[in-house]
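The values are calculated or read from the model by the stated rules, or taken from the named source; none is laboratory data. Source: prediction; values computed, not measured. Cβ: placed from backbone, ideal geometry, glycine included. Neighbour counts: every protein chain shown. Ligands, DNA and RNA are excluded from the accessible area calculation, which covers all protein heavy atoms including side chains. Shrake-Rupley method; radii C 1.70, N 1.55, O 1.52, S 1.80 Å.
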Amino acid sequence: MIDPIKKRRAVREFLDQTITEQKIQEIIKAASFVPSANALYPWELVIVKDGATKEQLSKVTPWATFAKDADLIIAVIGDEEESPEWIEDCSIVAEHIWLEAVNQGLGSCWIQVRKQGEAENDVRNILNIPKEKRVLCLLPIGVPAENLAEHEESAIDKSKIKYEKYK
Ligand SMILES: Cc1cc2nc3c(=O)[nH]c(=O)nc-3n(C[C@H](O)[C@H](O)[C@H](O)COP(=O)(O)O)c2cc1C
């Protein structure tokens, strides 16, 4: 378990390689086996492989430009009418996707959409998502162009960890 966690990095450069359907299915499984507040599961995914659509999605914020080079982009959609905890639930889904991508030898990076100006509306329009749904983030996934250094245990900031009481 700690292995993919340490290897998980924000991958923003991808090789021009196709991800196998089997790997995509493993990632979908990882997204599906999530905890959920009140077991409401207020999330849905849109999986995008079409080049023109990826190009459009890569323009929704200034920090999304690299998404067009990924083999696929997963949009994480939430339903705030279904659950007030949609952000927490969708964030767990996104992290499961990111970690399983690493576990499959792939790379990804969270692209923030919620609260990024018009980005949410733009993603809704590009992907035909109903206006009452929310868009948390985009996760471009592909074969990493380079192996970024994994997280080192020596970099853990121990001052963040309190025992028994905060002080
Ligand atoms: C909530 C959230 C939003 C993020 N938004 C973006 C983004 O819009 N574009 C981007 O390139 N990276 C984004 N990132 C990736 C972070 O920049 C990255 O995780 C951070 O720099 C730490 O690097 P690491 O993931 O390699 O450990 C986001 C990460 C999180 C958790």
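Looking at this structure, is Ala75 in contact (Cβ under 8 Å) with a residue 12 or more places away in the chain, within 27 Å of Lys7 (Cβ to Cβ), within 12 Å of the ligand (Cβ to nearest atom) and crowded, with 20+ Cβ neighbours inside 10 Å?
Values: in contact (Cβ under 8 Å) with a residue 12 or more places away in the chain: yes; within 27 Å of Lys7 (Cβ to Cβ): yes; within 12 Å of the ligand (Cβ to nearest atom): no; crowded, with 20+ Cβ neighbours inside 10 Å: yes.
Judged against the criteria, Ala75 is not a match.
Counting only residues that are β-branched (Val, Ile, Thr) and in contact with a helix residue (DSSP H, G or I) (Cβ under 8 Å, 6 or more places away or on another chain), which one in region 43-65 is surrounded by the most Cβ atoms within 10 Å (Cβ to Cβ)?
Checking each candidate, the answer is Val60.
Please specify each residue of region 134-166 satisfying the condition of being buried (at least 19 other Cβ atoms within 10 Å of the Cβ) and either more than 28 Å from Gln17 (Cα to Cα) or free of Cβ contacts under 8 Å to residues at least 24 places away in the same chain (or both).
Arg134
Which residue pairs have Cβ atoms under 9 Å apart, sit 6 or more places apart or on different chains, and have a first residue in region 100-126 that is within 10 Å of the ligand (Cβ to nearest atom) and open to solvent by 30 Å² or more (accessible area, probe 1.4 Å) and a second that is of a type in the set (A, V, I, L, M, F, W, C) and part of a loop (DSSP other than H, G, I, E, B)?
These pairs meet every condition: Gln112/Trp63; Gln112/Ala64; Gln116/Val60; Gln116/Trp63; Gln116/Ala64.
Basic (Lys, Arg) and either crowded, with 20+ Cβ neighbours inside 10 Å or on the phi > 0 side of the Ramachandran plot (or both): does that describe Lys68? Quick ask: steps written out before the conclusion?
Working: basic (Lys, Arg): yes; either crowded, with 20+ Cβ neighbours inside 10 Å or on the phi > 0 side of the Ramachandran plot (or both): no.
So Lys68 fails the test.
Go through region 4-25 and count every residue that is open to solvent by 60 Å² or more (accessible area, probe 1.4 Å), under 14 Å from Val102 (Cβ atoms) and assigned to a helix (DSSP H, G or I). Quick ask: steps written out before the conclusion?
Taking region 4-25 first, the residues open to solvent by 60 Å² or more (accessible area, probe 1.4 Å) are 5, 7, 9, 12-13, 15-18, 20-23, 25.
Now drop any that are not under 14 Å from Val102 (Cβ atoms), which leaves 5, 7, 9, 23.
Among the residues that remain, those that are also assigned to a helix (DSSP H, G or I) are: 5, 7, 23.
Of the residues in region 4-25, 3 are open to solvent by 60 Å² or more (accessible area, probe 1.4 Å), under 14 Å from Val102 (Cβ atoms) and assigned to a helix (DSSP H, G or I).
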